[in-house]
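Just below is one structure, and these are the notes that go with it.
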Amino acid sequence: FVGSVLHHLPDAESLQRIRRIHRGRLVQLHVENRETDDPFLSRVARHHGVDFNIVYGGVSELQSRLFGSLTVELLGPDEAVDAAVAELRGHAEVAEFAR
């Protein structure tokens, strides 16, 4: 049901445009059933010395729960980005786009 209500994933055309503009590593963060206001994305990025840019998506509230998906560009040395992605997996479902 939630997937039919929310449209936070880029379609093929949007993804092409995003890739032309953003040269960092692109990951998809899926947020589901979240009740916290924990700023995990900024905290993880700061901890690993990585910059991030939200390039697509959104989060919606449904019955007092947060659901959504964000396409995020991560910028920094490969090792730092790898470490940030690994830590993000502890906070959200993470899918990496093919480079």
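Structure above, values below:
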quantity	calculated
Interatomic Cα distance distribution for segment 12-96, bins of 5 angstrom, percent	3, 15, 25, 25, 17, 11, 4, 1
FRET efficiency, Asp78 to Glu32 (Cβ-Cβ, R0 30 Å, nearest 0.05)	0.60
5 angstrom amide H check on Val55, placed H, neighbours 5+ away	Thr71, Val72, Glu73
Separation in nanometres of the label points that stand 7 Å from Cα toward Cβ, at Leu62 and Arg20	3.2 nm
Karplus-derived HN-Hα couplings along segment 55-61 (A = 6.51, B = -1.76, C = 1.60, θ = phi - 60°), whole Hz, x at Gly and Pro	10, 6, x, x, 10, 10, 9
Karplus-derived 3J(HN,Hα), 6.51/-1.76/1.60, for each residue of segment 45-54, Hz, glycine and proline x	4, 4, 4, 9, x, 10, 8, 9, 9, 6
Helix-derived mean residue ellipticity, 222 nm - over the chain, DSSP H n ≥ 4, -39500 (n - 2.57), to 500	-9500 deg cm²/dmol
3J(HN,Hα) from dihedral phi, segment 78-89, Karplus parametrisation 6.51/-1.76/1.60, rounded to Hz, x for glycine, proline	3, 5, 5, 5, 4, 5, 5, 4, 4, 5, 4, 4
Local electrostatic count, Gly49, Cβ distance below 15 Å [Lys/Arg +1, Asp/Glu -1]	-2
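Every number in this text was worked out from the coordinates using simple rules, so none of it is lab data. These figures come from a predicted structure and were not determined experimentally. In this analysis, Cβ positions are derived from the backbone assuming ideal geometry, glycine residues included, and neighbour counts consider all displayed protein chains.
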